[in-house]
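Notes to accompany the following structure.
The values are calculated or read from the model by the stated rules, or taken from the named source; none is laboratory data. Every value quoted in this text rests on a predicted model; they were computed, and no experiment measured them. We place every Cβ from the backbone using ideal geometry, glycine too, and count neighbours over all the protein chains shown.
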Amino acid sequence: MDANVITTIAVFVIMAGGITTAVIVNNRQQRKKHIYSVVTGKSDYQRNNNSKEKKTALQRAEIAKKLKEAGEKEKKEKKKHQKSLKFLIQQAGFNTTIPKYFLYSFLFACIVFLILQITSFSILTKSFLTFTAFLGAPRLFLKFKARRRQKKFLEDFADALDAMIRMLQAGMPVTEAISMISREFGGPLGEEMSHIYDDQKVGIPMGEATRRAADRMPITEMQMFATAIQIQSETGSSLSEVLANLSAVIRARFRLQRKVKALSSEAKASAAIIACLPLLVAGGLYLVNPEYIGKLFNTPTGKILVSGAAIWMSIGIFIMKQMINFKI
């Protein structure tokens, strides 16, 4: 491959990485502001709810303070954990060890390499795709499974909190209520509640056990639940009122998510059409006149143009996805 081609591709990749990083950092900052607005009672749902009692507001403010202190204290530690492979495997719900993970990744990379051997790609392209299959694709799969697991967890979390509130109001201890939830609910929710109960049985404090569960399930609602449990274990405050407020917030977020999904469906369809249009046009031109479009793949200039177009199209698709993917 010519040196100018490699230099041009490298410039495109660097620019793409910079834009992608900027978008991700901006989204994380917006989500952090939204988390604290929900916890401190400044969301639209809580602002319109004029029947809140003063005691509930004080408890919510205390939860916000605890969350902020815990976030500042464990910020560096969580960053390390979130980047670690073991932490990602736990989020995805797998019990495999890291050596087994790399073994499976190696076998998958071997399969991809054998498939690429029947193609006419260059050695550099085959090496890049094989390397991606070994390190990139398995991590993407784990992140995909983690997101699905978190979504399934949230579907039952509000109902579990309501059931837990009724148990606490009936006089049942917190540990027994969590044990009952682990038996009555299946899936990720039952697994995490079972882990909390098992950790508590071996001598780990309830607050620490819920914090570990929040690390395995890093969503806002679980962090709020862990903070409520920790405050209750330290101060002895009324846990049922805090959980009732948390359940109401979760249900309000679900209603808002469904509304946003309905309003953004047109934008998502438009983005899908725009993303598929260049591929459809290129395929049509190839069927009509293969020699005309073949210059893009057979000449050095054409390869540069195709590489640049693919990179910028990927950036455009990513930006459109971030614009229509609202965080609630």
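One table, with the values for the structure above:
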| item | result |
| --- | --- |
| Test: residue in the range 118-127 that is surrounded by fewer than 19 Cβ atoms within 10 Å (Cβ to Cβ), in a helix (DSSP H, G or I) and touching a residue at least 40 places away in the same chain (Cβ under 8 Å) | yes |
| M224 in the same structural domain as A61 (by TED's automatic domain parsing), within 30 Å of K86 (Cβ to Cβ) and either loosely packed, with under 15 Cβ neighbours inside 10 Å or more than 24 Å from the chain's Cα centre (by Cα) (or both) | no |
| Only one of S270, S264 that is loosely packed, with under 14 Cβ neighbours inside 10 Å and at pLDDT below 85 | S270 |
| Options R147, R183: the member that is assigned to a helix (DSSP H, G or I) and closer than 24 Å to Q257 by Cα | R147 |
| Count of the range 284-306 residues which are small (G, A, S) and either modelled with pLDDT of 85 or more or touching a Pro at 6+ places or on another chain (Cβ under 7 Å) (or both) | 1 |
| Filter pass, I250 being assigned to a helix (DSSP H, G or I), assigned by TED's automatic domain parsing to the domain that holds T220 and surrounded by 11 or more Cβ atoms within 10 Å (Cβ to Cβ) | yes |
| Counted residues, the range 82-103 - those being surrounded by 13 or more Cβ atoms within 10 Å (Cβ to Cβ), part of a helix (DSSP H, G or I) and not polar (S, T, N, Q) | 7 |
